[in-house]
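Written out below as structure tokens is the structure these notes cover.
The values are calculated or read from the model by the stated rules, or taken from the named source; none is laboratory data. Predicted model only: the values in this text are computed from it and were never measured. Heads up, the Cβs are rebuilt from the backbone with ideal geometry, glycines too, and the neighbour counts pull from every protein chain shown.
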Amino acid sequence: MALLLTEADVEALLRMEDVIASVEAAFAAQGRGEAQSQPRSRVRTPNLTLHVMSAALPSAGVLGLKAYASGKPGSRFVVLAWSTETGRLEGVIEADRLGQVRTGAASGVATKFMAGPQARTVGCIGTGRQAGSQLEAVCAVRPVDRIAVYGRDERRRAAFAAAMAERLGVGVKPASSPEEAVREAEIVITITTSREPVLFGRWLRPGTHINAAGVNWANKRELDDEAVRRADRIVVDDRTQAAIECGDLIPLVEGGSLSWEQVHELGAVVSGRVPGRDGADEITLFESQGVALEDMAAAALLIQRARAAGVGQEIPIGG
């Protein structure tokens with residue numbers, strides 16, 4: 001029977017450090033050619049868009065998909081995971097929180113391999129529901145002691161800064177502008193839904209690492225052209241998916257100033273085939289579209305923990 005896991009179950013069982021380790025192992029498998037991920041597909045109605053993405057991760061014993069509907073009524077997420085050994089449906093998982101954690105974990109993995117080893121200062125543009133897990137993941141892999149955050153709503157960014165300071169045990173201050181948030185940062189996070197750039201290349205200091213994690217639509221972007229051009233190393237979670245969705249990179253490729261051959265996959269970095277950075281002054285960029293491989297890594301860990309703890313509801317489907 002399959003295990004049904006709710007948002008409350010996910011919240012209780014998943015810890016960021018463990019998901020980072022699982023996602024890192026998944027990207028290492030991808031880099032060795034031992035995992036597959038299929039790009040997101042979308043179908044639309046006047047009020048909603050259905051998004052579906054799938055992956056196989058044999059090293060963790062799972063293959064499956066994430067599907068979610070988003071639009072005016074909000075967003076609802078579900079992950080289905082099957083055993084690669086038996087073909088049995090192992091898990092049906094409510095996946096809003098799972099998605100937040102795995103997206104943060106992917107940025108954590110990129111930061112581990114691409115940021116300066118002693119990076120301590122972080123600037124974050126965006127204070128929405130994905131921003132907290134981004135900061136949590138970065139703090140899990142670097143000795144962060146100062147964070148500046150910017151969001152358009154003054155009250156919301158102040159509340160977010162206070163909540164994150166308490167949650168992370170790190171000094172977090174609200175910034176009055178995006179530039180103020182990132183000017184002194186060694187690690188920069190963009191986690192917005194913007195259609196226009198919120199991060200400009202002229203603001204970046206040498207040695208900065210950027211996690212651009214907010215948008216996965218070709219007609220949206222968070223970075224201006226200069227920010228991309230200043231990056232000495234550009235890494236994506238999946239190049240095929242980035243070529244469809246990455247609004248920060250697609251215009252430069254179409255304009256001829258960037259080629260996809262210059263863009264590396266995170267799996268190649270994690271598996272050691274490509275260095276994350278070559279020097280202290282390099283600017284490095286991770287463009288995160290969010291791939292199903294990350295969902296499968298988190299789902300496999302979650303199902304294993306749930307069965308060990310006796311958490312979740314067995315449902316009579318899946319064989």
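Residues of region 171-183 being part of a loop (DSSP other than H, G, I, E, B) and either crowded, with 20+ Cβ neighbours inside 10 Å or touching a strand residue (DSSP E or B) at 6+ places or on another chain (Cβ under 6 Å) (or both), which ones? Steps first, answer last, please.
From region 171-183, those part of a loop (DSSP other than H, G, I, E, B) are 175-177, 183; that's our starting set.
Passing the criteria: only Ala175.
What are the residues in region 208-220 that are in contact with a strand residue (DSSP E or B) (Cβ under 9 Å, 6 or more places away or on another chain) and assigned to a loop (DSSP other than H, G, I, E, B), if any?
Thr208, Ala213, Gly214, Val215, Asn216
Tell me the residue from Glu226, Glu245, Glu222 that is within 26 Å of Arg120 (Cβ to Cβ), in contact with a Pro (Cβ under 8 Å, 6 or more places away or on another chain) and not assigned by TED's automatic domain parsing to the domain that holds Glu90, please.
After applying the criteria, what remains is Glu222.
So the check is Cβ under 8 Å with 6+ separation or different chains; which pairs have a first residue in region 275-297 that's closer than 12 Å to Gly207 by Cα and in contact (Cβ under 8 Å) with a residue 12 or more places away in the chain and a second one that's hydroxyl-bearing (Ser, Thr, Tyr) and assigned to a loop (DSSP other than H, G, I, E, B)?
Final answer for the pair search is Ile283/Thr208; Thr284/Thr208.
For every residue, the table says whether it meets (1) over 16 Å from Ile283 (Cβ atoms); (2) modelled with pLDDT of 95 or more; (3) under 16 Å from the mean Cα position of the chain (by Cα); (4) not in a loop (DSSP other than H, G, I, E, B).
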| site | (1), (2), (3), (4) |
| --- | --- |
| Phe113 | no, yes, yes, yes |
| Leu135 | yes, yes, yes, yes |
| Val138 | yes, yes, yes, yes |
| Val144 | yes, yes, no, no |
| Ile147 | yes, yes, no, yes |
| Arg156 | yes, yes, no, yes |
| Phe160 | yes, yes, no, yes |
| Pro206 | no, yes, no, no |
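Using beta carbons and a limit of 6 Å, which pairs, at least six apart or on different chains, have the first residue in region 204-216 and buried (at least 24 other Cβ atoms within 10 Å of the Cβ) and the second one among the hydroxyl-bearing types (Ser, Thr, Tyr) and in a loop (DSSP other than H, G, I, E, B)?
Ala213/Ser288; Gly214/Thr192
Regarding Phe77, is this residue within 19 Å of Ala268 (Cα to Cα) and among the aromatic types (Phe, Trp, Tyr)?
No; evaluated as a whole, the condition is false for this residue.
So Leu285 passes all but one of these: (1) surrounded by 23 or more Cβ atoms within 10 Å (Cβ to Cβ); (2) out of contact with any Lys or Arg (no Cβ under 8 Å at 6 or more places or on another chain); (3) of a type outside the set (Asp, Glu); (4) in the same structural domain as Gly201 (by TED's automatic domain parsing). Which condition number does it fail?
Result: Leu285 passes all but (2).
Residues checked against (1) outside any strand (DSSP E or B); (2) at pLDDT below 95; (3) of a type in the set (D, E, K, R); (4) under 18 Å from Val23 (Cβ atoms):
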residue	(1), (2), (3), (4)
Leu65	no, no, no, yes
Ser75	no, yes, no, no
Val78	no, no, no, no
Ile93	no, no, no, yes
Gly108	yes, no, no, yes
Pro117	yes, no, no, no
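Name, by its number, the condition in (1) at positive phi; (2) part of a helix (DSSP H, G or I) that does not hold for Arg97.
Unmet for Arg97, out of (1) at positive phi; (2) part of a helix (DSSP H, G or I): (1).
Return the pair list, or none, for Cβ contacts closer than 6 Å from residues in region 25-50 that are assigned to a strand (DSSP E or B) to residues that are exposed (fewer than 12 other Cβ atoms within 10 Å of the Cβ), at least 6 apart or on different chains.
Within 6 Å, the pairs are Leu50/Val43.
Just one of Ser70, Ser75, Ser83 is under 24 Å from Gly310 (Cβ atoms), free of Cβ contacts under 8 Å to residues at least 24 places away in the same chain and among the hydroxyl-bearing types (Ser, Thr, Tyr); which is it?
Every option except Ser83 fails the conditions.
Select from region 115-131 the residues that are surrounded by fewer than 24 Cβ atoms within 10 Å (Cβ to Cβ) and either outside the structural domain of Thr190 (by TED's automatic domain parsing) or over 16 Å from Gly290 (Cβ atoms) (or both) and list them in ascending order.
Gly116, Pro117, Gln118, Ala119, Arg120, Thr121
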